[in-house]
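We did not get these values from a lab; they are worked out from the coordinates using the rules stated. Model, not experiment: these values are computed from the prediction. Here the Cβ positions follow ideal geometry from the backbone for every residue, glycine too, while neighbour counts run over all protein chains shown.
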Amino acid sequence: MRFNNIAFVASRHKPAQEALKRFLKKYAHVDPAKADVIVALGGDGFMLRTLHRHLKRKIPIFGMNRGSVGFMMNEFRLNGLIKRLENTEPIELHPLRTKVLDTKGKKHEALAINEVSLLRQTRLAAKLKIKIDGKVRMEEMICDGALVATPAGSTAYNLSAHGPIIPLGAELLALTPISAFRPRQWKGALLPCQAKITFEILNPSERPVSAVADDTEVRDVKRVTVCEDRSVKLTMLFDPEHNLEDRIVREQFLL
C-alpha cells in the first residue's frame, strides 16, 4: 500500500502530544480532511474516537501506542514510517448499529466499533427481556447489565465480563451478561453476525438502565436494538508482526 498524503492526530495526553511534535517536524503532513491515511497517536480509546470521527471518509487509520493498553495500536517508532505504512496489512471492521427508544419516547441511533452495553443506573438490578430476530430467547434476566461485542471488541469489556474471544472473520457476535443473578449459570451466547438483538427493559421506571455504544450513552432506555451494519466499513492498518487478528488469537492463550 502506498500513501502520498499523511495526517497526524494525537490524544491530549502528554506522551501523545510530544510524539505528535516529533512526527510533524520529521515528516511532510496534511490536514486530515485532505489525507489518504491518518496516523493516530494515543491509546485504544483515542483510536476508537478517531475511527468514529473519520467514519464517513472511509480513510485507513494507522495507530501507534502512546497510551496504556494499546491493544488496537502498533508499536511506537519515529523512524521508517513511510516504509512501515507501505508494508501494513489492512483489517476491515463493521460496526454495530444501535437503535434506542428511551422512556420519554425519543429515538436515538449510534454506531459501536467495540460493543454496545446496557448498564443499571441505580442500586437496583436491571431486568431485561432478550429477543433474537424477533423471537424471545430469555423472558427475564436479572443482572447488572448485558453487552453485545464485535470480534474486534471481544477482547475489551466483553473479556472483562467473562465473555468469549471471537477471532476476526468468524462472522459472530458475543452476547454476554454482566453479573447475572438470574439465571445465574447463563454465560451468554455466540450469535451470527446477521442476528438482530433486542433488549426490552422490564420496569424501567423503577429499574432504570442506560445504553452505551462505545462512548455514546443514552440514559433511561426502554428498548435497545443491536445489529451489525455491513454497509459501513472501517479500515485499520497494522504492521505484519502486530496484526490484530493474531493478537486476538494470542489473547486466548494468556493466563
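The figures follow:
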item: Per-pair calculated FRET efficiency, R0 = 35 Å: Gln252 and Ala33 via Cβ, rounded to 0.05; result: 0.35
item: Binned Cα-Cα distance frequencies in region 96-228 - 5 Å width, integer %; result: 2, 12, 23, 26, 23, 11, 3, 1, 0
item: Full-extension gain in nm, Asp220 to Ile82, via 0.36 nm per residue minus C-alpha separation; result: 44.9 nm
item: Cα→Cβ-extended label distance, 7 Å offset, between Gln194 and Glu140, nm; result: 3.4 nm
item: Exposure proxy order (Cβ contacts within 10 Å, fewest to most) of Ser210, Ser117, Ser160; result: Ser160, Ser210, Ser117
item: Gaussian network model of the chain, springs between alpha carbon atoms under 10 Å - residue of Ile59, Ile91, Ile82 with greatest fluctuation; result: Ile82
item: Dimensions in Å of region 1-148 - Rg and Dmax from alpha carbons; result: 19.8, 59
item: Whole-Hz couplings from phi, Karplus 6.51/-1.76/1.60, listed for region 103-118; x for Gly and Pro; result: 5, 8, x, 7, 9, 10, 9, 7, 10, 10, 8, 8, 7, 10, 10, 10
item: The chain: angle of helix 44-53 to the longest principal axis, Cα-based, in degrees nearest 10; result: 90 degrees
item: In nm, spacing of pseudo-spin labels at Arg22 and Thr122 (7 Å Cα→C-beta vector); result: 5.1 nm
item: Karplus-derived HN-Hα couplings along region 244-249 (A = 6.51, B = -1.76, C = 1.60, θ = phi - 60°), whole Hz, x at Gly and Pro; result: 4, 4, 5, 4, 5, 5
item: Selection from Val39, Leu191, Leu85, by position along the positive dipole direction of the chain (Cβ); result: Val39
item: Cross-link table Lys106/Lys222; Lys104/Lys131; Lys99/Lys129; Lys135/Lys233, entries beyond 18 Å C-alpha to C-alpha; result: Lys104/Lys131; Lys135/Lys233
item: Charged-residue dipole, Cβ positions (Lys, Arg, Asp, Glu), region 96-228 about Cα centre, Debye nearest 20; result: 520 debye
item: Cα-based convex hull volume of the chain per residue, rounded to whole Å³; result: 136 Å³
item: Estimated dipole of the chain in Debye, rounded to 20 [Cβ of Lys and Arg +1, of Asp and Glu -1, Cα centre]; result: 700 debye
item: Cα gyration tensor of region 118-170 - equivalent ellipsoid semi-axes, whole Å, descending; result: 23, 16, 7
item: Principal-axis tilt of helix 14-26 within the chain, Cα atoms, nearest 10 degrees; result: 40 degrees
